[in-house]
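Encoded as structure tokens, the structure appears first; notes follow it.
All of the numbers you see were taken from the coordinates with simple rules; none came from a lab. Worth saying up front: this structure is predicted, and the values here are computed from it rather than measured. Heads up, the Cβs are rebuilt from the backbone with ideal geometry, glycines too, and the neighbour counts pull from every protein chain shown.
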Amino acid sequence: MHPLRILITVIAALLCTGPVAASTTALEQRQHFLDARAALAKGDAAQFQQLSEGLRDYPLHPYLVAWQMARQRVLAPNQVREFLDRHGHTPFTLPVREQWLRQLAHAGRWNEYLADYRPSSRGELRCNYHYAQLRSGNADAAWAGARVLWLSANRQEATCNRLFEAWEQAGGLTAGLRRQRLDLILRDGNMAFARQIAAGLPEEERSRVALWEKIHHYPALITSNEQLQDDNTNTHEIISYGLQRLARRDVQETIRLWRKVEERYAFTPQQRAGILNAVTLRLALSGDITALDWYRQIPAAEVDGNVRQFAIRVALRHQRWQDVLDALRTLPEDEAAGEEWQYWAARSLEALEETDTAMTHYHAIADNSSYYGFLAADRLDLGYNLSHAPVAVDDLTLAKLQQQPAMQRAYEFLQLNLVEEARREWENAIAAMQSNERLAAGKLANNWGWHDRAALTLARADHFGDLEIRFPLAYSELMMKEAESNTLDPAWIMAVARQESVMMPDARSPAGALGLMQLMPATGRKLAQQMKSGISDLRQLLHPELNIRLGSYYLRQLDRQFDGHAALATAAYNAGPRRVRQWTPTESIAADIWIDTIPYAETRQYVRRVLAYSVFYDQRLEKPVIRLRERMPVVQKEVPKG
């Protein structure tokens, strides 16, 4: 056979099977790896050693070495250095390095500590690092590090104490810095920690902390507490803190108290702005149009970015188009250039009959393959830009990439269904890649059927044109079947699954949601009972067929509850039907306004993405594309209840 044909055959085999061929030997290695891990966990050293020796050529063997070393009470210097030098910054070296650094610190081997330390978020290791600098003669660097660690509202590890004590003895830790740290802790609302810090301070400071804590728990006392009658700096700080805290619970009471104290005390401009920002935000979140009156009182330089956005949104909710424009014009230039605000500038100008300028704004974004691009195209009666720009990576590049050790380890973990470990390896590798390498990696992940890493890796390479990778058709047959059974739009079901899990059946959220459609366990059990298919084990929710059946059935319920309104039902899938009913407008409004004035940023983004993804899935399923204006009818003031 011609050498080129041989090369092509080898590459094709690698692309089909991944870094380690799915032969009997590979399957045995995977099982032996799992057995070795189990033997180590139960302390069977002989079994572990035997299995580990037979896996020296297996990509995940370094993990076995690392796990074994991390269990040793005392690490051998030569073994550690050889291991760290050989494997560098790979994820599995972290527990070994951390244990080694603790061992060096305990032994007072500070020069070695400095040589082997790598930047870490762990306070214990950071404190020891700066102490090592001190013991090695670099006091200036040690004190600079100590200052950063000290000026934090967070508790520090006990290992920091000797660093702080040495800093104090050298005259660096002053009373002013103690007060500064205490103020950070108080403003952060950690009263128990503040009390602990104040315990060693003079009575005056302990009294101040006690008063601050009282207002923390009962902010409405700011006008009646005798200790807050004097017009001084301490009073200003506590009242400002109390009013901003009260605004989260009862904005009307906050307004009442503010009117009592605003002229009585000489608050700083920053304190006044903090209170005005807090009131404006809470009014805007509740849809109260008076938020705009409070917003106008805040000096431009002191407006909180989140408050500015909600001022725009409350003006939108009430269709106060000039107020929308006025607020948009105060946005930073780079933020105002974003397609969201371009769209709303255009909508405002159109409503104010400044048609030519509005059309200019629409045209600026109408070619974008995005939610706002589609909305702008709808306003202009233009076609959607759904062009497909596949990632161009040659087979040889992919073959070389997947033979890299990190890629091999990620692939093996994926085959073992140890997805968290696989992602850790993948993300560590991707972080060091250039954009073109990330494109190749995204393509490789797609070849493995690892859809979430594929799509997310292309996004990190700023490539959004490969619609096949961005919008995979995994489990499309199951979803089409459930769409037909439930009389639902299949593109909508797929868009929800794409947003929820990027089509990964084993997806688990920090909140506990499971599977492709990210069902909460309680919801899954309830739906299963309704469908007369009980769940005996929550892991069943990770089975694609059951997960899609239950998720689609839930979508049908929401679709019926909200009278077939896709935006409302989508919002309910994310935030719950009760909240969506709370967001029902007092007067019927356009759906684009309703969506962009949802109080929860997560739900706003969720609804926008699912609606846009539905368009892409129309195309991927080779169906006629349903325009967003058809998916987004007017939101009525009364939503049918189910």
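What is the magnitude of the charge dipole of the chain about its Cα centre, with +1 placed on the Cβ of each Lys and Arg, -1 on the Cβ of each Asp and Glu, and no other charges, expressed in debye to the nearest 20? All intermediate terms of the calculation are to be shown ahead of the outcome.
On the way: 76 positive and 77 negative charges, 355 e Å.
Dipole about the Cα centre, nearest 20: 1700 debye.
Give me the distance between the Cα centres of the range 524-547 and the range 185-200, rounded to whole Å.
The two parts, judged by their Cα centres, are 47 Å apart.
Could you tell me which residue out of Leu292, Ala497, Val635 lies farthest along the dipole of the chain toward its positive end? Charges go on the beta carbon: Lys and Arg +1, Asp and Glu -1, centred on the Cα centre.
Of Leu292, Ala497, Val635, it is Ala497.
Can you give the charge dipole size of the range 476-631 about its Cα centre, rounded to the nearest 20 debye, using +1 on the beta carbon of Lys and Arg and -1 on the beta carbon of Asp and Glu?
Details: 21 positive and 17 negative charges, 69 e Å.
Value, rounded to 20: 340 debye.
Quick check: pseudo-label points 7 Å beyond the Cα along Cα→Cβ at Ala38 and Arg581, how many nm apart are they?
About 5.0 nm, to one decimal.
How compact and how long is the chain, expressed as Rg and Dmax of its alpha-carbon atoms in Å?
Here Rg and the maximum Cα pair distance are 29.8, 96 Å.
Could you sort out which of Lys532/Lys637; Lys260/Lys637; Lys532/Lys623; Lys214/Lys260 sit more than 28 Å apart by Cα distance in this structure?
On the way: Lys532/Lys637 35 Å; Lys260/Lys637 37 Å; Lys532/Lys623 33 Å; Lys214/Lys260 20 Å.
Among Lys532/Lys637; Lys260/Lys637; Lys532/Lys623; Lys214/Lys260, the Cα-Cα distance tops 28 Å for Lys532/Lys637; Lys260/Lys637; Lys532/Lys623.
Of the options Met359, Thr597, Leu201, report the single residue whose Cα projects farthest towards the positive end of the charge dipole of the chain (beta-carbon charges: Lys, Arg +1; Asp, Glu -1).
Farthest towards the positive pole: Leu201.
Using modelled amide H (1.01 Å from N, peptide plane; none on Pro or chain starts), what sits under 5 Å from the amide H of Leu519, excluding residues fewer than 5 places away?
Amide H neighbours of Leu519, under 5 Å, 5+ apart: Leu514.
Mind jotting down the distance between the C-alpha centroids of the range 402-417 and the range 559-585, whole Å?
If you average the Cα positions of each part, the centres end up 41 Å apart.
Along the charge dipole of the chain, Cβ charges K/R +1 and D/E -1, which of Leu325, Phe33, Ala247 sits furthest on the positive end?
Towards the positive end, the residue furthest out is Phe33.
Quick one: what do you get for the range 73-141 if you divide its Cα Rg by 2.2 N^0.38 Å?
Numbers: Rg = 11.8 Å, N = 69, 2.2 N^0.38 = 11.0 Å.
Against the empirical 2.2 N^0.38 Å value, I get 1.07 for the range 73-141.
For Met503, Met632, Met520, Met359, which order do you get if you count the other beta carbons within 10 Å of each Cβ and list the fewest first?
Details: Met503 24, Met632 21, Met520 14, Met359 17.
Taking fewest neighbouring Cβ atoms as first place, the list is Met520, Met359, Met632, Met503.
With contacts defined as alpha carbon pairs under 8 Å and 6 or more residues apart, what's the relative contact order of the range 225-323 in percent? Could you put the intermediate results ahead of the total?
On the way: 93 pairs, mean separation 23.0, N = 99.
Relative contact order for the range 225-323 comes out at 23 percent.
From the gyration tensor of the Cα coordinates in the range 17-169, what semi-axes in whole Å does the equivalent ellipsoid have, largest first, with each one equal to sqrt(5λ)? If you can, show how the numbers build up before the last one.
On the way: eigenvalues 305, 45, 37 Å².
Values for the range 17-169, descending: 39, 15, 14 Å.
Just rank Arg453, Arg162, Arg629, Arg97, fewest to most, by other beta-carbon atoms within 10 angstrom. Don't skip to the answer; put the middle values down first.
Values: Arg453 24, Arg162 13, Arg629 16, Arg97 21.
Least to most surrounded, the residues fall as Arg162, Arg629, Arg97, Arg453.
List the chymotrypsin sites (Phe, Trp or Tyr not before Pro) within the range 422-526 that DSSP assigns to loop and that have no more than 13 neighbouring Cβ atoms inside 10 Å. Walk me through the numbers before you get to the answer.
Values: sites: Trp426, Trp448, Trp450, Phe464, Tyr475, Trp492; in loops: Trp448, Trp450, Phe464, Tyr475.
Filter output for the range 422-526: empty list.
Taking just the C-alpha trace of the range 476-631, give me its Rg and Dmax in Å.
15.0, 46
Express the C-alpha Rg of the range 347-490 as a ratio against the empirical globular expectation 2.2 N^0.38 Å, rounded to two decimals. Can you show the working numbers first?
Details: Rg = 20.1 Å, N = 144, 2.2 N^0.38 = 14.5 Å.
Rg over 2.2 N^0.38 Å, computed on Cα atoms: 1.38.
So which GluC sites (Glu not before Pro) in the range 223-265 pass both tests, a DSSP loop state and at most 14 other Cβ atoms within 10 Å of the Cβ?
Details: sites: Glu226, Glu237, Glu253, Glu262, Glu263; in loops: Glu262, Glu263.
Those satisfying the criteria are Glu262, Glu263.
Which FRET efficiency value, to the nearest 0.05, is calculated for Thr290 and Thr233 with the Förster distance at 30 angstrom and r the Cβ-Cβ distance?
Details: r = 31 Å, r/R0 = 1.04.
The calculated FRET efficiency here is 0.45.
In whole Å, what is the distance between the alpha-carbon centres of the range 57-82 and the range 340-361?
After rounding, the separation between the Cα centres reads 63 Å.
Treating the range 462-539 as a set of equal point scatterers at the Cα positions, no solvent, please give the Debye-formula log₁₀ I(q)/I(0) at q = 0.21 Å⁻¹.
Listed by q, the Debye log ratios stand at -1.07.
Please find the FRET efficiency linking Gln180 to Ala590, where r is the Cβ-Cβ separation and R0 is fixed at 45 Å, and quote it to the nearest 0.05. Show your work: numbers first, answer last.
Working: r = 50 Å, r/R0 = 1.11.
Computed FRET efficiency for Gln180 and Ala590: 0.35.
What's the exposure ranking of Glu205, Glu622, going from fewest to most Cβ atoms within 10 Å?
Numbers: Glu205 18, Glu622 6.
Listing Glu205, Glu622 from fewest to most nearby Cβ atoms yields Glu622, Glu205.
Grab the Cα-Cα distance for Glu226 and Ser485, subtract it from 0.36 nm times how many residues apart they are, and report the gain in nm with one decimal.
Numbers: separation 259, 0.36 × 259 = 93.24 nm, distance 6.84 nm.
Net length gain for the segment: 86.4 nm.
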